[in-house]
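Structure in structure tokens, see below.
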Ligand code: HEA
Ligand code: HEA
Ligand code: CUA
Ligand SMILES: [Cu+2]
């Protein structure tokens, strides 16, 4: 998001900052310290209400599907690995890997979000609503806030990905990048729709090609958008003249990575404290 | 990269023509555009200062209405409802729109100068923080102009009074939504601004400016910034939960569905107590600059003052429940919070003692800033003592929510924060505007304020002990409160006159005041080595720091410093001159998206609010795409900064 | 005038003074306060003298003073600093010990007095207090319930369970004990004891909405015998006065008082009452001499006709009512109405039942509550009048309510 | 993963070491611990032991995450300190809040089924 929003002076002039830590990195760590308090307060709220549940409040054990949550956790973990590798690759100036890894992170991040949408769908079907019970209230708010963080992360990843196509010469690029972004958004929405629908039909018909086909058939528009979008995206990604993205941007990717890892870590906490503890 | 490359290599200008018109950087140095697009920390500081002083007058005006209503028993000057709106807005305005931004004004203007930096670490983000602050201020104050009226739930908005069931007088009431939304926005501004200050102080210090050489004001800025980033998330969460309750019918604070209103109180005060130190630490920083300067001595016990500041900040997170002694927490919890609270007296006392140590053996010049600073020491100490009385939980169970508390916090907030900020304005006025306030008028305003303040708030201790609860629009004449209230109201008007004199004198001085040159106070810290007003790029040559009171050292080692500066100047020119960040429209654009979104949201047009969000994202996107930009100031050609720009 | 020195003391002896206390709990809290005053006072004198001395001694008196060479640039003295830190800690210990003792003391009834303690439930409503005596059950009704005036026996520990029905309130009788909040969905309690019979002022001490300022109550401490009598009287159903059956009912009756609207926020207290409030209270328990049975019967009918009964219980005369409105069974025996705001006399009652919103803006009797229409009701998202008590009708209702001893 | 780099070479000192294998290994360790966590929940052990074990595994994952994935190991200690300030405060406040609300004084009325006093006054009449 802010790959160029920041830090000009030190970069150019006093080559080193007073501490040797790049400004952006310091900024990120301070922000994450603040975010600890943010999630700390939110998770505390959830736990406080779990300490003395209202009589007749829903039993989370019956609702939670540990398989799904475990799957989502692995997915987020892999995305975290990808972004770590992307930083590594960027530091070595390996542009192609950076792009691939960013895309991988995005795909896994979206898969995680799809899991969440799927889970919400199931819970709502079971009658757990944000307003119906305190458990619903805190559960949806907590995981929803985490989901928003993931969403922002995906947006940032996408912008970073598009950023890697910025031409090295000064040719105008904003409009192209905006178009790129919009197509990307279309693909994402269509993709998540397909994925959630596929998950539902897998649930109904078992894991088989048939159920996937079913999902595609029922979401023809989404499937069309998805396919067309992918085509345009690969056209956008065709090899071209030199780009303005290299080792110097490693710090940008790294800041993004810090944010993304932190989301993963928060999920690690949520996984144990919100999900696993309920099974005791 | 492009922007940096652009700035770094002469000749890069040739590419500039190919840039999208969208990214043409504004270059006006005067006029409205220059202010709307500024990234200069000094200008942003002034914007903060002027807005804060405006809101100080608004908040003070509200306070006067409160005092008029309370002047006599059973008064009918304003209605209960208006009164409730008035104290809510008075406190919200004073805390979030006057004192905090006034501190931020000093952080912005003074701190980078004190550490020998050319600007803050992220100049455009700094502009963004200011515009977001303005957005928050607007949202909170919309209530004056719409049918709902202003927020009326008190400045700590205890649940469930803020819930839909108890705050909607009629369908579509949005006063509480305005408050909730406004505070969230102000939180964003404060956190973003503070992250910037943290990075700046830690990373942009001039060579030789070690952490233990930082001026105390800068240290307090750093600690305050930490308090802000660590405490605001708590209130943000509380506000988000409340917003969910109000807008999407969740149950966080709905008692009937298992909600615990007291959770709001905890979350609020987890923020709220650090918040009061956010209000006082910058003030303490200012005092720690003024006292040494006017005593012509270094600060007594610098390391311990710094350490105790950090200590206060840290302890401040462990005492929040002292605002909740009467909520029935149980003996153990009450005792624990009671003792923790008392512990804060120790580091605070250390500061008082060291300030006195600074005076001891000095040569005190009783100029106006010094008067305000000494007034601060007295009044803050006094307010601190009533704080200790609150800290003793059994005593507090009588004082809580009585006028004793009102007395306590006005002593620390006005006698503390406001006195120090007024001192700071006097102190740095010559640096910022190159003119000095006349001693006579300065001292007159000081004495009016000092006397008026004490006449207003001293009797409130008695009112509290005599059982007068706060937040009451009327009281009966048979309770023994009438005299003290009348005295207090008279005092408030004396105080008002004092403030009026103060402002008038400041404005007059700005236009007609006595002109002064560099360093009129014979001061000690780096910012005074600059000409007045400081040039846009602050330092012609980034200074090298050799001692704690850097400028005092420079003054006592003139030759050595001159030689060093000349050398550095040479190497700096070799680097292509002074690099300055370009102005930008996008912080303003992003903030205005926030305003639009917020207004739509509080009107419960949730989907439309996405438009505002979209504008904001677009603003940030362009902001990211345009790059930091930058241009060079070449001192050898022009001593001015009009040229050398790409 | 309190502006000369002795006057300060007058500023501390009001009816809600926390200094001029009347019970052991408030006394223990005052004791802690005094300790803090002494300790901080001594520190203040010490620090202030040093500060004054330093200011005066080192002050530059004229311009030439300012030109003298710079003073020694001392940076600090660790021994002084550590010494002062130690001294501060010591001072705090002096405060901490009585603090801790009083925290535990005030938390709950001491073990020795537990068996003899009286338990009362107090519930805060916007903007009045309900009091229940769980130990005084009335057959087929539940605990004895009253409003806005809490009557307790002297010398017995009273444990008050604090509940809130809508928003937060706080229970505060300064002369007897520090406040404890009434918080929705939370079970709080406090205890207090009155040393001698007395009439005490109390007030809600947590901001609770528009009329928070006028959410008050009274606490009456009675000798054991008076208390027992009061309990018996209160447990009885409402008094029934049979009017003479000579058709006088049809005629309008004289009011017995002159009413002139005193206007918004006009005080409801009188110095006559304040000279001996306890005596006034005792007097209020007895029926008035000049009762007019016809007027009262008219009032009784109006009370039903105006649908006051949808909210208010008058046990014996009408049951039902609603839990969120004060029980009026013995309203005539209370010294105040509208939650301790107005003294209970004809004019004030008249004022309250004809113009509740002028006395107490936004009150629920005026606006309606929980779907029950009050003096106003919601129609098509607009408030429209529902109950109108005219100045002509009011005297009958006033007489009826006053008869409910 | 070793496509040639199109980015221009820079003069910024020695290139950072390649952490590819390390990172993959860490990810695997994290995955294994996550699996273990789920298993632990179903073990027939006393509740306290399981909670303890889960918290230990949680902290190990947390530490691996910030220390290796987030490069704290290779960064200046100051970053660690900065983050720890926030983390420790958040932990401390969360724990104190939980302690406060666990306290018997804090049991919500709505969860005390037995309580009869004015729990839901709207439901009672009289
Ligand atoms: C600038 C803001 C500021 C500052 C600095 C303080 C400082 C302190 N405050 Fe205050 N406080 C407020 C602003 C502030 N407060 C506000 C706004 C409220 C009310 C909020 C609301 O309800 O609306 C409040 C309320 C408040 C309460 C709750 C009262 C209640 O509602 O019941 C308490 C309780 O403990 C308290 C305590 C303290 C203490 C112990 C200090 C200490 O930090 C003071 C320490 C200073 C000294 C003690 C003096 C100097 C020391 C010495 C000379 C050393 C020797 C002294 C001793 C050994 C005693 N404050
Ligand atoms: C920094 C914070 C701050 C500051 C500076 C002040 C300043 C003042 N405050 Fe306030 N106050 C609070 C913070 C602050 N207050 C808080 C937090 C509360 C609690 C609210 C709550 O309960 O929710 C409170 C509550 C509060 C109350 C209690 C209300 C109640 O509980 O019912 C009172 C009563 O007297 C009061 C009075 C004053 C007065 C007389 C001033 C004076 O110092 C003001 C001096 C300034 C002036 C007099 C301005 C002069 C202006 C002119 C001369 C020009 C006229 C202006 C225009 C035309 C725009 N304040
Ligand atoms: Cu009830 Cu204030
Ligand atoms: Cu506090």
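Could you please rank C:195, A:244, C:139, placing first whichever residue has the fewest other Cβ atoms within 10 Å of its Cβ?
The order, fewest Cβ neighbours first, is C:139, C:195, A:244.
For region C:111-236, what does the alpha-carbon gyration tensor say about shape, rounded, prolate or oblate, given a ≥ b ≥ c as the root eigenvalues, a/c under 1.5 as rounded, and a/b over b/c as prolate?
Judged from the Cα gyration tensor, region C:111-236 comes out prolate (a/c at least 1.5, a/b above b/c).
Follow-up. Express the Stokes-Einstein translational diffusion coefficient of chain C in µm² s⁻¹, to the nearest whole number, given a Kirkwood radius over alpha-carbon pairs, 25 °C and a viscosity of 0.890 mPa s.
Taking Rh from Cα pairs, D becomes 100 µm²/s.
So, one more: Just the number, please: percent antiparallel of the DSSP beta bridges in the protein assembly as shown, rounded to the nearest 5.
Expressed as a percentage, antiparallel bridges in the protein assembly as shown total about 75.
Please say if region D:19-69 is rounded, prolate or oblate, where rounded means a/c under 1.5 for a ≥ b ≥ c the square roots of the C-alpha gyration tensor eigenvalues, and otherwise the choice is prolate for a/b larger than b/c and oblate otherwise?
Because a/c hits 1.5 or more and a/b fails to exceed b/c, region D:19-69 counts as oblate.
Additional query: Region B:379-394 to region C:335-361: how many Å between their Cα centroids?
Region B:379-394 and region C:335-361 have Cα centres separated by 39 Å.
Would you calculate a helix-derived [θ] at 222 nm for the protein assembly as shown, using -39,500 (n - 2.57) for each DSSP H run of n ≥ 4 and dividing by the full residue count, to the nearest 500?
Calculated mean residue ellipticity at 222 nm is -19000 deg cm²/dmol.
A further question follows. Sorting check: for C:177-188, D:36-47, which peptide has the highest mean count of neighbouring beta carbons within 10 Å, and how do the rest follow?
So the peptides C:177-188, D:36-47, ranked by packing, come out C:177-188, D:36-47.
Return the distance in nm (one decimal) between the two label points of a simple spin-label model at residue B:61 and residue B:447, each offset 7 Å from Cα along Cα→Cβ.
3.0 nm
Ranked from highest to lowest mean number of other Cβ atoms within 10 Å per residue, what is the order of the peptides A:75-86, B:425-436?
Per-residue mean Cβ counts within 10 Å order the peptides as A:75-86, B:425-436.
To continue, here is another question. In whole Å, what is the distance between the alpha-carbon centres of region A:180-195 and region B:39-104?
Each part's Cα centre sits 48 Å from the other's.
Another question, then. Does the protein assembly as shown classify as rounded, prolate or oblate by the C-alpha gyration tensor (a ≥ b ≥ c root eigenvalues; a/c under 1.5 gives rounded; else a/b over b/c gives prolate, otherwise oblate)?
Oblate is the answer for the protein assembly as shown, as a/c is 1.5 or above yet b/c matches or exceeds a/b.
Sequence gap at least 6, Cα distance under 8 Å: using those rules, report the relative contact order of chain C to the nearest whole percent.
Across chain C, relative contact order equals 15 percent.
Projected area of region C:237-405, taken from the Cα convex hull and averaged over every viewing direction, in nm²?
Average of the hull's projected areas for region C:237-405 equals 10.3 nm².
Quick check: the distance between the Cα centres of region B:240-308 and region C:205-247, to the nearest angstrom?
45 Å
Modelling each spin label as a point 7 Å along the Cα-to-Cβ direction, I'd like the residue C:59/residue C:27 distance in nm, to one decimal.
4.8 nm
Kindly work out what percent of the DSSP beta bridges joining two residues of chain C are antiparallel, to the nearest 5.
About 75 percent, rounded to the nearest 5.
What does DSSP give for region C:111-236 in terms of the percent of beta bridges that are antiparallel, rounded to the nearest 5?
Close to 70 percent.
For A:258-264, what's the mean count of beta carbons from other chains sitting within 10 Å of each residue's beta carbon?
Mean partner shielding for this stretch: 4.
When you look at the Cβ of every residue in B:376-386, what mean number of other chain Cβ atoms sits within 10 Å?
Across the residues of B:376-386, the mean count of other-chain Cβ atoms within 10 Å is 3.
For the pair residue D:43 and residue A:213, what calculated FRET efficiency results from E = 1/(1 + (r/R0)^6), where r is the Cβ-Cβ distance and R0 = 41 Å, to the nearest 0.05?
0.50
At a 10 angstrom cut-off on C-beta neighbours, averaged per residue, how do the peptides C:150-161, C:200-211, D:92-103, D:20-31 rank from highest to lowest?
C:200-211, C:150-161, D:92-103, D:20-31
Additional query: Per-residue Cβ counts within 10 Å, from other chains only, averaged over A:246-255: what number is that?
Shielding by partners across A:246-255 averages 3.
Could you tell me the relative contact order of region C:314-397? Use alpha-carbon pairs under 8 Å, at least six residues apart, and round to a whole percent.
Here the relative contact order equals 18 percent.
Something else now. So if R0 is 22 Å, what FRET efficiency would residue B:486 and residue B:77 give, r being the distance between their Cβ atoms, rounded to the nearest 0.05?
0.95
Hey, another quick one. If I model a spin label at residue B:618 and residue C:270 as a point 7 Å from the Cα along the Cα→Cβ vector, what separation in nanometres do I get?
7.1 nm
Where a number appears in this text, it was derived from the coordinates with a stated rule and is not lab data. Quick caveat: nothing in here was measured; it's all calculated off a predicted structure. Note that we place each Cβ from the backbone using ideal geometry, even for glycine, and neighbour counts take in every protein chain shown.
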